[in-house]
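A short write-up of the structure that comes next.
Derivation of every value follows stated rules applied to the coordinates shown; laboratory data play no part. Every value quoted in this text rests on a predicted model; they were computed, and no experiment measured them. Virtual Cβ from ideal backbone geometry, glycine too; neighbours counted across all protein chains shown.
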Amino acid sequence: MSRVVIFGGTGYAGGNIAREAASRGHEVISYSRNAPEQPLEGVEYRTGSLATPEVLAAAAADADVLVVAVHGADVDGAPLTAYVPGLIDAARTNGVRLAFVGGAGSSLVAEGGPRLVDTPDFLDDWKPEALSHAEVLEALRQAPEDLDWFYVSPAALFGVFAPGETTGAYRTGGDVLVTKEDGSSEISGTDFALAFVDEIENNAHPRRRFTVGH
């Protein structure tokens with residue numbers, strides 16, 4: 001079993017990952033700004049932000065896998081990309097696997113593109129976060145080869161606003177958005193977490209991004 005440390009472990013994606021990892025017997029530590037109102041059994045909760053160097057250092061020192069499941073456009077007033085160099089350094093120093101909950105916006109709508117964020121129907125309000133997550137992915141791809149990382153992009157409909165159905169199954173893609181025959185693209189929080197923790201356990205996509213959907 002692994003020690004899984006999650007920044008954003010009380011949020012939608014992070015909370016589902018924490019629940020799934022704990023249910024499988026992993027040791028789970030969650031960092032967030034505030035303690036949860038309804039803590040999960042088997043999860044240790046700590047307050048703190050990855051923007052604080054001392055917190056990041058302590059989290060990385062405790063982790064086998066360091067999960068980043070936070071807002072891409074605003075982490076204590078700065079985009080997530082501002083903290084990627086520190087995350088990479090902390091992971092390399094401690095020999096930790098770095099795992100990101102990414103966004104759907106950087107996924108390609110078909111082989112060869114374009115990215116979802118570059119399509120006409122992509123909402124302007126969502127672009128800052130989508131573009132920040134895309135920059136994080138590029139930074140990981142350019143990171144030193146001794147950094148162990150993975151990055152998971154969910155389907156287009158994913159979040160507390162679209163909880164979806166728990167099916168116990170999922171499909172994966174490479175860089176292409178996972179869609180159904182009717183063109184829709186969705187994944188529940190529980191099934192996304194299933195895919196994420198499967199990756200923690202199986203290491204099927206080392207130093208790669210992959211997409212997940214129903």
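What trypsin sites (Lys or Arg not before Pro) in region 136-214 are in a loop by DSSP, with at most 12 other Cβ atoms within 10 Å of the Cβ? Let's see the in-between values first.
On the way: sites: R141, R171, K180, R207, R208, R209; in loops: K180, R207.
Answer in residue order: K180.
Once you reduce region 139-166 and region 170-184 to the center of their Cα atoms, the two points are 14 Å from each other. Gyration tensor over the Cα atoms of region 1-45: the corresponding equivalent ellipsoid has semi-axes (square roots of 5 times the eigenvalues, largest first) of 15, 10, 9 Å.
When the chain is modelled as a GNM with alpha-carbon springs shorter than 10 Å, which of S184, S132, S32 fluctuates the most? Highest fluctuation among the options: S184.
Can you show me the helix-derived [θ] at 222 nm for the chain, built from DSSP H runs with n ≥ 4 at -39,500 (n - 2.57) apiece and divided by the number of residues, rounded to the nearest 500. Please list the in-between numbers first.
Working: 5 runs with 62 residues, N = 214.
After summing the helix terms and dividing by residue count, I get -9000 deg cm²/dmol.
Show me the trypsin sites (Lys or Arg not before Pro) within region 1-95 that DSSP assigns to loop and that have at most 11 other Cβ atoms within 10 Å of their Cβ.
R33
Length, then width, then depth: along the principal axes, the Cα atoms of region 15-69 run 30, 26, 16 Å. When GluC sites (Glu not before Pro) are flagged only if DSSP places them in a loop and at most 15 other Cβ atoms lie within 10 Å, the longest unflagged stretch of the chain comes out as 42-110. Of D62, D125, the sequence from fewest to most neighbouring Cβ atoms within 10 angstrom is D125, D62. Of interest is the spacing of the C-alpha centroids, which for region 71-90 and region 1-21 amounts to 18 Å.
Compute the Rg to Rh ratio over the chain from the alpha carbon atoms, using the Kirkwood formula for Rh, and round to two decimal places. List each step's numbers first, then the result.
On the way: Rg = 15.9 Å, Rh = 17.0 Å.
With Rh from the inverse mean 1/r over Cα pairs, Rg/Rh is 0.94.
Of all beta bridges that DSSP places with both ends in the chain, some 20 percent have antiparallel geometry.
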